[in-house]
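**Q** So that we are looking at the same thing, I have put the structure below in structure tokens.
The values are calculated or read from the model by the stated rules, or taken from the named source; none is laboratory data. Treat the numbers as computed from the prediction; the structure is a model and nothing was measured. All Cβ positions, glycine included, derive from the backbone under ideal geometry; neighbour counts span all protein chains shown. Accessible surface is based on the protein model in full, side chains and every heavy atom, while ligands, DNA and RNA are left aside. Shrake-Rupley method; radii C 1.70, N 1.55, O 1.52, S 1.80 Å.
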Amino acid sequence: MFTPIVFGLNPCDRVLHLVRILEKMLRLGWFGVSPSYVGVVKVPCGISSVASRTTQLWGGPDVDPSTPFSPDKCPILKRTLVVGMVTSGFLVIYFNFISSSVLGEREQMSSLPANKNSQKTKKVKWDIPDDIIKKYVKEAEAENELRLQTIQQVCHRYNLGLYKHSAELPSVKHPPTPQYSVFYIDRAHKLSWCPIYKAASTTFLYNFLILGGYTEQFLATSNKQLSDLARKVYPELEYSEAEQAFHDTLKLLVVRHPFERLLSAYRDKLENVQVGHNHGTLHYYRRYGRRIVKKYRQGGNSTKTWTILSQDQYYWPPDKNRPAGVEPTFQEFVRYLIDMDIVLYSDDHWIPYYLYCTPCLLKYDIIAKVESLLRDQVYVIRSAGLQEQVRPRWRHKTKEDSNEIAKRYFSQLTKEQVLKLYEKYKVDFELFDYKADLYLEYAH
């Protein structure tokens, strides 16, 4: 939340000193504020004295005190300055304070603006011809209307949220209110997004970070999780503030075939504890993996994974370490999901879309899909008017044949297990018009 605080200081030549003190206090956590924060410094000064100080304070020639100061003219203060102006005999400076951790990261990047609105960025170049862009936008716009209509129809059929039409209890459990805390809300660019992990989340996190002021050079070398960086730039908002911000922005939801998402989550988090430590594989093994194996595998961890699977039932990339053999198989993971109460105990990587992003409680503007990601990205970016700042991209796109991968893993399952898994995620399938037929064919 942007909270103004007024500090009085006299004379004017102590403004710079005050800024340095405030930054040090912020680094030490004295304010106890959320990552994005605004402070206001009101310095009582005569109009003439303010004008005479501009050379020292702003690193440029004197300016007309009736006009706003430009942060770009101040080599020392532009990291924190948003805007300054003289009004009623006061020099008013608005600072965009950032949490100490973000300041530390940003100090490593001389090209990163503290205020993304004040720096002129280079216009990004798209490598997609204009006629293809127009074609994508036209197709995506028509498809998006159908997707939104489908959501309304399904929500109405289940008697959920905004589409509740009778006093009868819904046949499925459903949250009473939206979960705004999971959203990334970029108020400056009027864009809100509910991140469904394993549904192009890395791609959209990357562009949100670019919009938030991070450079591609920094992101290419940083070992920090993109979600952690993004949460510092776009902190959680209070419910009422988030609700208002959400309604004032373009609202985006990106989905993927529910079974493909579950398989991707399994392979990324649970299949191989020997790799992906920076992605939390050890955490997921300790929290879920070993318990799944203990419950669903005869012999527990003493029975190695490769002894119960044939080679055509999995795919382990040859350029990565082989699993330790104590990790759960995809079938064991699915059995865990079938037996689990996914409403109460789901992880973010496999919680149903309708529970996490609550499309029956919120009216999204755009529903994008991983299956049409390039086209839908073009439509999202153009609809948001951000085509000069970000471009379509696909982070973590693999060269694997997704159909062949799905065939291998779903061959571990029986048709009964596929149907039971479908029932768990049935609302998602219906909301976003996905089918399970192909995966039933893969099952034995």
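**Q** Condition first: touching a helix residue (DSSP H, G or I) at 6+ places or on another chain (Cβ under 6 Å), touching a residue at least 40 places away in the same chain (Cβ under 8 Å), within 26 Å of I133 (Cα to Cα) and crowded, with 16+ Cβ neighbours inside 10 Å. Can you find one or more residues in the stretch 410-429 that meet it?
**A** no
**Q** Which of the residues that make up the stretch 295-304 are modelled with pLDDT of 90 or more and either assigned to a helix (DSSP H, G or I) or open to solvent by 90 Å² or more (accessible area, probe 1.4 Å) (or both)?
**A** K295, Y296, Q298
**Q** Something else: Of a type in the set (D, E), in contact with a Gly (Cβ under 7 Å, 6 or more places away or on another chain) and more than 30 Å from I210 (Cα to Cα): does that describe E327?
**A** For E327, the condition - of a type in the set (D, E), in contact with a Gly (Cβ under 7 Å, 6 or more places away or on another chain) and more than 30 Å from I210 (Cα to Cα) - is met.
**Q** Specify which of the listed residues (F218, F208, F183, F204) is among the aromatic types (F, W, Y) and over 22 Å from Y364 (Cβ atoms).
**A** Of F218, F208, F183, F204, the one residue that is among the aromatic types (F, W, Y) and over 22 Å from Y364 (Cβ atoms) is F218.
**Q** Something else: I need the full set of residues from the stretch 119-146 which are among the basic types (K, R), in contact with a Lys or Arg (Cβ under 9 Å, 6 or more places away or on another chain) and at pLDDT 90 or above, in order please.
**A** If the condition is that a residue be among the basic types (K, R), in contact with a Lys or Arg (Cβ under 9 Å, 6 or more places away or on another chain) and at pLDDT 90 or above, then K135 is the only one that fits.
**Q** Here are P328, P359: which of them is closer than 20 Å to F410 by Cα, open to solvent by less than 10 Å² (accessible area, probe 1.4 Å), touching a helix residue (DSSP H, G or I) at 6+ places or on another chain (Cβ under 9 Å) and not acidic (D, E)?
**A** Answer to the check: P328.
**Q** Residues in the stretch 174-201 that are assigned to a helix (DSSP H, G or I) and at pLDDT below 90: how many?
**A** 1
**Q** Also, quick follow-up: Going by the conditions given, is Q313 touching a Ser or Thr at 6+ places or on another chain (Cβ under 6 Å) and either buried (at least 16 other Cβ atoms within 10 Å of the Cβ) or touching a residue at least 24 places away in the same chain (Cβ under 8 Å) (or both)?
**A** Working: touching a Ser or Thr at 6+ places or on another chain (Cβ under 6 Å): yes; either buried (at least 16 other Cβ atoms within 10 Å of the Cβ) or touching a residue at least 24 places away in the same chain (Cβ under 8 Å) (or both): yes.
Considered against the rule, which asks whether it is touching a Ser or Thr at 6+ places or on another chain (Cβ under 6 Å) and either buried (at least 16 other Cβ atoms within 10 Å of the Cβ) or touching a residue at least 24 places away in the same chain (Cβ under 8 Å) (or both), Q313 comes out as yes.
**Q** Could you grab the pairs with beta carbons closer than 7 Å, sequence gap of 6+ or different chains, first residue in the stretch 215-229 and touching a residue at least 60 places away in the same chain (Cβ under 8 Å) and assigned to a helix (DSSP H, G or I), second one buried (at least 16 other Cβ atoms within 10 Å of the Cβ) and not polar (S, T, N, Q)?
**A** F218/M109; F218/L112; L229/L209; L229/Y214
**Q** Here's a follow-up. Quick one: which of R291, R267 is within 29 Å of E430 (Cα to Cα), over 14 Å from the mean Cα position of the chain (by Cα), assigned to a helix (DSSP H, G or I) and not hydrophobic (A, V, I, L, M, F, W, C)?
**A** On the way: R291 fails: within 29 Å of E430 (Cα to Cα).
That would be R267, the only listed residue that is within 29 Å of E430 (Cα to Cα), over 14 Å from the mean Cα position of the chain (by Cα), assigned to a helix (DSSP H, G or I) and not hydrophobic (A, V, I, L, M, F, W, C).
**Q** Right, here's the next one. Give the stretch 244-264 a look and list any residue that's open to solvent by less than 30 Å² (accessible area, probe 1.4 Å), within 19 Å of V418 (Cβ to Cβ) and under 20 Å from the mean Cα position of the chain (by Cα), or say none. So that I can check it myself, show each step before the final result.
**A** Residues of the stretch 244-264 that are open to solvent by less than 30 Å² (accessible area, probe 1.4 Å), as a first pass: 245-246, 249, 251-255, 257-264.
Pick out the ones that are also within 19 Å of V418 (Cβ to Cβ) and you get 257-264.
Scanning the stretch 244-264 gives H257, P258, E260, R261, L262, S264.
**Q** Looking at the stretch 134-148, which of its residues are within 25 Å of the chain's Cα centre (by Cα) and farther than 16 Å from V255 by Cα?
**A** Within the stretch 134-148, Y136, V137, E141 qualify.
**Q** Then there's this: Which one is surrounded by the most Cβ atoms within 10 Å (Cβ to Cβ) among residues in the stretch 362-391 that are among the polar types (S, T, N, Q) and in a helix (DSSP H, G or I)?
**A** This residue is Q377.
**Q** Shifting gears a bit: Just give me the residues in the stretch 417-435 being of a type in the set (D, E, K, R) and either over 27 Å from I366 (Cβ atoms) or within 22 Å of the chain's Cα centre (by Cα) (or both), in sequence order. Lay out the reasoning, then the answer.
**A** So in the stretch 417-435, the residues of a type in the set (D, E, K, R) come out as 420, 423-424, 426, 428, 430, 433, 435.
Residues satisfying the conditions are K420, E423, D428.
**Q** Anything in the stretch 265-294 that is closer than 22 Å to H444 by Cβ and either open to solvent by 40 Å² or more (accessible area, probe 1.4 Å) or of a type in the set (G, A, S) (or both)? List them, or say none. Please lay out each step first, then the result.
**A** Residues of the stretch 265-294 closer than 22 Å to H444 by Cβ: 266-267, 270-271, 292-293.
Scanning the stretch 265-294 gives a single hit, R267.
**Q** Out of the stretch 339-356, which residues are among the hydrophobic types (A, V, I, L, M, F, W, C) and open to solvent by 30 Å² or more (accessible area, probe 1.4 Å)?
**A** Initially, the stretch 339-356 is screened for residues among the hydrophobic types (A, V, I, L, M, F, W, C), giving 340, 342-344, 350-351, 355.
Scanning the stretch 339-356 gives V343, L344.
**Q** Let me ask something additional. When you check K190 against the structure, is it touching a residue at least 60 places away in the same chain (Cβ under 8 Å), open to solvent by 30 Å² or more (accessible area, probe 1.4 Å) and of a type outside the set (G, A, S), yes or no?
**A** Judged against the criteria, K190 is a match.
**Q** Return the residues of the stretch 247-261 that are under 15 Å from Y356 (Cβ atoms) and touching a helix residue (DSSP H, G or I) at 6+ places or on another chain (Cβ under 7 Å); say none if nothing qualifies.
**A** First pass over the stretch 247-261, keeping only residues under 15 Å from Y356 (Cβ atoms): 251-256, 258, 261.
Of everything in the stretch 247-261, those that are under 15 Å from Y356 (Cβ atoms) and touching a helix residue (DSSP H, G or I) at 6+ places or on another chain (Cβ under 7 Å) turn out to be L252, V254, V255, R256, P258.
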